[in-house]
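First the structure, in the form of structure tokens, and then the observations on it.
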There are 2 protein chains.
Amino acid sequence: MNEFQLIQQYFNASNLAFDQDNVVKGIGDDCCILKLEDNQQFVMSLDTLVEDVHFPKHASAFDIATRALSVSLSDLAAMGASPVAFTLGITLPNADETWIKEFCEGLSAVAMEFNMPLIGGDTTKGPCLVLSLQVHGVVEQGKALTRSGAKVGHNVYVSGPMGDGAGALPFALDSTKIFEPGGYFHQAFYRPLAQVEFGKSISAYASSCLDVSDGLLQDAGHICQASHLAMNIQSDLIPLSAELLEEHGAEKSLTYALTGGDDYQLLYTAQHCEKGICIGEVKEGDGVYLDGEILSKSQRIKQAGFQHFN
Amino acid sequence: MNEFQLIQQYFNASNLAFDQDNVVKGIGDDCCILKLEDNQQFVMSLDTLVEDVHFPKHASAFDIATRALSVSLSDLAAMGASPVAFTLGITLPNADETWIKEFCEGLSAVAMEFNMPLIGGDTTKGPCLVLSLQVHGVVEQGKALTRSGAKVGHNVYVSGPMGDGAGALPFALDSTKIFEPGGYFHQAFYRPLAQVEFGKSISAYASSCLDVSDGLLQDAGHICQASHLAMNIQSDLIPLSAELLEEHGAEKSLTYALTGGDDYQLLYTAQHCEKGICIGEVKEGDGVYLDGEILSKSQRIKQAGFQHFN
């Protein structure tokens, strides 16, 4: 058994490769096996994260793991899906057992919280740390939330405060600027709560949905494009956390909320929804309006030069 | 649209992201959506391939693609599954459009041959080329072939000649030693035919199965371990191709066949099977015997120092 095979045993531990109703067979054969209950469909999403691109090189193994799995889970939330299981391809420069142990503890923390075991994957040696995670969930047949169902007159909602992802970034980028351990911005960056329960709760009401990863305005554009409609967002309705406002002030906070990305809140449209925070409405036309003024595509995209781990 | 978003359009082309019966929604939303027919289960496998570890740095984009997808498909063959679709996480140092175009042509060639469209993934920038492919297939409920069902008295079979993967390796490793274009060893290394049809055809007969990627003896050990049994393999029954014998001679060819790996033929057990080539039998006990002599674990594993892209 070489060091990499040894490492794989950490991935097969009981707090990571546990049982789940849809999983027939997990780690240990050429393939894993999944089943569906009657009237279910699978949804799944693959994300790749590269060291120094999607997370800082100085991040801890635990934090890298929780961020990677939380960010991937957010795609299931955006479909209104229930998590089932995930697979992991990991490329490592060396098989450092302490690092792997801590990394698996991070994976396990999120996996257990969402009842989503690890069911397969691949461990390889390579020049830098690269992670590919595929998350798998189930939805009731035909009930997956997509980007393409928005309708004129529907309201636009978000599931929670915007801008915290970008607000956390100065801490993440600068290894000398210490995150308060377990503090608000550390959580926002390394363990953003995937809005899985929220996604399931709105799936009967929402006409379109996605998770905000690229930035509110840019992601609003994705719904407009897929639904062939326009959207007006009112900046004064966008929820901002007290922590963001205190750390960065009103003006910067709003910029972060509009263009920052990495928030992993849901952006969705519905005729009416009690749950979320209404920030605008769907209109006829094409493109995204902010306070009644149409925005160019480049205005929707995060500012150039804004260094970003997304 | 940045260069990486532009590149993603190649992945969304009609010869790669085509329709398939089990695919409800492919590329373009937060998740793809898959459905099952009654009485089907999903099987899936994730493989990660790293430049200069799993394929030579000088390999063409087309060859890298056909190898990556063929090798991944082989895991579906080993389960007796029908291919459905695949996802791809790709990390690239730069977005070279010519390279990507050729890479997508390679993917398309295999994807179309096996009716297995690309349904999602992620494209990221990183210091070196890393590919993570997840293949998805379907089997009839409870009919997936696994490693754990071998029974005493069953015969041991392979689906075709062994050793060609290792026999091709000197050509792959040495950029000055040219593969005959489209020749036998080039195919063996860069486009090993995944034994999908063979796997489906034996699924009613086989008691255990896997695909030979680590080497015949080592993989035989995997079946023994999972089935809690022993196996005797007769070296004179192992099929060797005329091409392998001609290039490497009898002795080296047999070593390649036993320990070389990368063959992607199926190794399976059955009471009786008309299709494959019988190379031995399942016995009570533990471990792998070669011509009646028990082998240590290290003897089953490829020789140390044998440089290997696997």
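A few points about this structure:
- Lone qualifier among B:Ser235, B:Ser227 - being more than 21 Å from the chain's Cα centre (by Cα) and within 14 Å of chain A (Cβ to nearest Cβ): B:Ser227
- Qualifying position, being crowded, with 22+ Cβ neighbours inside 10 Å, at the interface with chain A (Cβ under 9 Å from one of its Cβ atoms) and in a loop (DSSP other than H, G, I, E, B), among B:Asp29, B:Asp47, B:Asp38: B:Asp29
- Inter-residue pairs, beta-carbon under 9 Å, first assigned to a strand (DSSP E or B) and in the stretch B:224-250, second among the charged types (D, E, K, R) and surrounded by 14 or more Cβ atoms within 10 Å (Cβ to Cβ), 6+ apart: B:Ala230/B:Lys283; B:Met231/B:Glu281; B:Met231/B:Lys283; B:Asn232/B:Glu281; B:Asn232/B:Lys283; B:Ile233/B:Glu281
- When the stretch A:175-214 is filtered for residues that are within 18 Å of the chain's Cα centre (by Cα) and surrounded by fewer than 17 Cβ atoms within 10 Å (Cβ to Cβ), only A:Glu197 remains.
- Of everything in the stretch B:64-94 that is more than 9 Å from every other protein chain (Cβ to nearest Cβ), over 18 Å from A:Gln134 (Cβ atoms) and out of contact with any Ser or Thr (no Cβ under 8 Å at 6 or more places or on another chain), the residue that is modelled with the lowest pLDDT is B:Asn94.
- B:Asp174 being more than 8 Å from every other protein chain (Cβ to nearest Cβ) and either modelled with pLDDT under 95 or farther than 23 Å from B:Gly261 by Cβ (or both): yes
- Residue match in the stretch B:259-278 (condition: crowded, with 17+ Cβ neighbours inside 10 Å, among the acidic types (Asp, Glu) and under 17 Å from the mean Cα position of the chain (by Cα)): yes
- Condition check for B:Ala109: assigned to a helix (DSSP H, G or I) and either surrounded by 24 or more Cβ atoms within 10 Å (Cβ to Cβ) or in the same structural domain as B:Ala168 (by TED's automatic domain parsing) (or both): no
- Test for B:Leu145: is it within 12 Å of chain A (Cβ to nearest Cβ), part of a strand (DSSP E or B) and under 17 Å from the mean Cα position of the chain (by Cα): no
- The one condition in (1) surrounded by fewer than 24 Cβ atoms within 10 Å (Cβ to Cβ); (2) within 10 Å of chain A (Cβ to nearest Cβ); (3) touching a Ser or Thr at 6+ places or on another chain (Cβ under 6 Å) that B:Gly137 fails to fulfil: (1)
- Every residue from the stretch A:220-247 that is closer than 19 Å to A:Pro192 by Cα, of a type outside the set (Ser, Thr, Tyr) and surrounded by fewer than 22 Cβ atoms within 10 Å (Cβ to Cβ): A:Ile238, A:Pro239, A:Leu240, A:Ala242, A:Glu243, A:Leu245, A:Glu247
- Evaluation of B:Asn94 against (1) under 16 Å from the mean Cα position of the chain (by Cα); (2) polar (S, T, N, Q); (3) not assigned by TED's automatic domain parsing to the domain that holds B:Leu254 (one fails), failing number: (1)
The values are calculated or read from the model by the stated rules, or taken from the named source; none is laboratory data. Given the structure is predicted, the values throughout are model-derived calculations rather than measurements. With ideal geometry, Cβ positions are generated from the backbone for all residues, glycine too; neighbour counts draw on all protein chains shown.
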